[in-house]
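Q: Before I ask anything, here is the structure I am working with.
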Amino acid sequence: MSSNIKILQVIPKLGYGGAETGCYDIAHYLSENNCKSFIVTSGGELTKFINKEKVKLIRLPVHSKNPLLLFLNTIILIGIILFYNISIVHARSRAPAWSCFLASKLTRCKFVTTFHGTYNFSGKIKKFYNSIMVRSDLIIAGSNFIFSHIKENYSEFLKFNKKFLVIFRGINVDYFDPSTKLELDEKKLLQEWEINKEKKIILVPGRLTSWKGQELLIEAINLVKIELGYEAFHVVILGSEQGRNLYKKKLIRLTEQYRLNNQIKFVNHCKDMALAYKVSDIVISPSIEPEAFGRVAVEAQSMEKLIIASNIGGSNETIINEKTGFLFDAGNAKSLSEKIIRAITMDEISLELIGKEGRKNIIKKFNVEKMCFSTYSEYKRLLN
């Protein structure tokens, strides 16, 4: 039967985020398992890496919330579904999900959604807009945290006959493998960052936006400096501002105010994230709002690095506290500073042991093969 399965995934853009890489990974997994795989997207960096012989890529403005474009996308999706005889349409974001919902209803095609975030709402209209993600035949939550969030906030839209389950996101543990990185490349990256390896390096990946907690991190670093009385480590805040110029300027001012200029470095982009993790000693995810999954925590553990993260959202599920990393009280700079001090004063053997446990944890629970196999299995069950 698998040879007749044709899966169309629809996503606004194929960038390097968790939802996007998951879409990319599953698309290629399906093609390697004798299925026909299609992606509809408006573009993005990952599109150039798609194997066009295995995955059919179709460009549509599915990133748009414009009602006219939503309607036009619906019409074109109906044509795609009928022309290619699509078995399942899988929407990975709200705007395209409305077009997918209408197109699947009119063509009697199975409809799947993945709830990748909390999709916060401030009123009935926004909640109704978000509710499209639970109007499918199969609802996939990316973590237990998201599963609970859906049940708590969207119960009125959930029907008893709908399939609703958790499939954890997975990462490519072969890519995020410390043994694959060359020492020469590590030296080049450190030279690029203008950092020497005499002191420990703390990496803080994530786009520059207030809820990611970079401001809290700088407050905590200042507390650590006061406590220790010296600059014991380098900090690399790695992430683009994505148009949030004012927020970045605020972070730079705060760094200057605490006289941390020599300790904290802002880096806009790194083309090899696995290498960035490799040259680091400790990784921090200081989010002040819940991460739906917490990809940074998973990638860091796969690279055998101690991870420090806030004790909310997906991090509670991906990190084994005190075994593969440390959880701190979300929004509490003092709590974060205490975990940082613990981490930087640990001996190399203890850091290495935590790193090894972290990689074992990810390989067992959060590898991409497991995510793809689980998704593929649910596709088949939906069609039976």
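The values are calculated or read from the model by the stated rules, or taken from the named source; none is laboratory data. This is a predicted model, so every value here is computed, not measured. Neighbour counts run over all protein chains shown; Cβ positions are idealised from the backbone, glycine included.
Condition check ((1) of a type outside the set (Asp, Glu); (2) farther than 20 Å from Lys199 by Cα; (3) surrounded by fewer than 20 Cβ atoms within 10 Å (Cβ to Cβ)) across all residues:
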position	(1), (2), (3)
Trp211	yes, yes, yes
Leu216	yes, yes, no
Ile226	yes, no, yes
Tyr247	yes, yes, yes
Asn268	yes, yes, yes
Ala276	yes, no, no
Asp281	no, no, no
Ile284	yes, no, no
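Q: I'm trying to understand the selection: among the residues of region 142-183, which are surrounded by fewer than 15 Cβ atoms within 10 Å (Cβ to Cβ) and of a type in the set (D, E, K, R)?
A: Within region 142-183, Lys151, Glu152, Glu156, Lys159, Lys162, Lys163, Asp174, Glu183 meet the criteria.
Q: So, one more: Name the single residue, out of those in region 118-162 being basic (Lys, Arg), modelled with pLDDT under 90 and assigned to a loop (DSSP other than H, G, I, E, B), that is nearest to Thr375 (Cα to Cα).
A: Taking the candidates together, the pick is Lys162.
Q: Right, next: So Phe293 clears everything in (1) touching a strand residue (DSSP E or B) at 6+ places or on another chain (Cβ under 7 Å); (2) surrounded by 21 or more Cβ atoms within 10 Å (Cβ to Cβ) except one condition, right? Which one?
A: Condition not satisfied by Phe293: (1).
Q: Checking the conditions here, which among Glu198, Glu219 is among the acidic types (Asp, Glu), more than 30 Å from Ile139 (Cβ to Cβ) and not in a helix (DSSP H, G or I)?
A: Going through Glu198, Glu219 in turn, just one is among the acidic types (Asp, Glu), more than 30 Å from Ile139 (Cβ to Cβ) and not in a helix (DSSP H, G or I): Glu198.
Q: What pairs come up if the first residue lies in region 359-384 and is at positive phi, the second is buried (at least 18 other Cβ atoms within 10 Å of the Cβ) and not in a helix (DSSP H, G or I), and their beta carbons are under 8 Å apart, counting only those six or more places apart or on different chains?
A: If the second residue must be buried (at least 18 other Cβ atoms within 10 Å of the Cβ) and not in a helix (DSSP H, G or I), no pairs are left.
Q: Have a look at Leu77, Leu70 and point out the one that is assigned by TED's automatic domain parsing to the domain that holds Ile11, closer than 19 Å to Val112 by Cα and either surrounded by fewer than 20 Cβ atoms within 10 Å (Cβ to Cβ) or among the charged types (D, E, K, R) (or both).
A: None of the others qualify; the one that does is Leu70.
Q: May I ask you to list the residues in region 148-179 that are hydrophobic (A, V, I, L, M, F, W, C) and either more than 30 Å from Tyr277 (Cα to Cα) or over 16 Å from the mean Cα position of the chain (by Cα) (or both)?
A: Ile150, Phe157, Leu158, Phe160, Phe164, Leu165
Each row is one residue, and each column tells you yes or no for (1) within 18 Å of Ala103 (Cα to Cα); (2) assigned to a loop (DSSP other than H, G, I, E, B); (3) of a type outside the set (S, T, N, Q).
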| position | (1), (2), (3) |
| --- | --- |
| Ile7 | yes, no, yes |
| Glu20 | no, no, yes |
| Ala27 | no, no, yes |
| Ser31 | no, no, no |
| Lys48 | no, no, yes |
| Ser64 | yes, yes, no |
| Gly79 | yes, no, yes |
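Q: Kindly provide the set of residues from region 222-257 that are under 18 Å from Met346 (Cβ atoms), in a helix (DSSP H, G or I) and either acidic (Asp, Glu) or in contact with a strand residue (DSSP E or B) (Cβ under 7 Å, 6 or more places away or on another chain) (or both), ordered by number.
A: Within region 222-257, Glu227 is the sole residue that qualifies.
Q: Lys54: in contact with a Ser or Thr (Cβ under 7 Å, 6 or more places away or on another chain) and in the same structural domain as Ile146 (by TED's automatic domain parsing), yes or no?
A: When the stated conditions are applied, Lys54 passes them.
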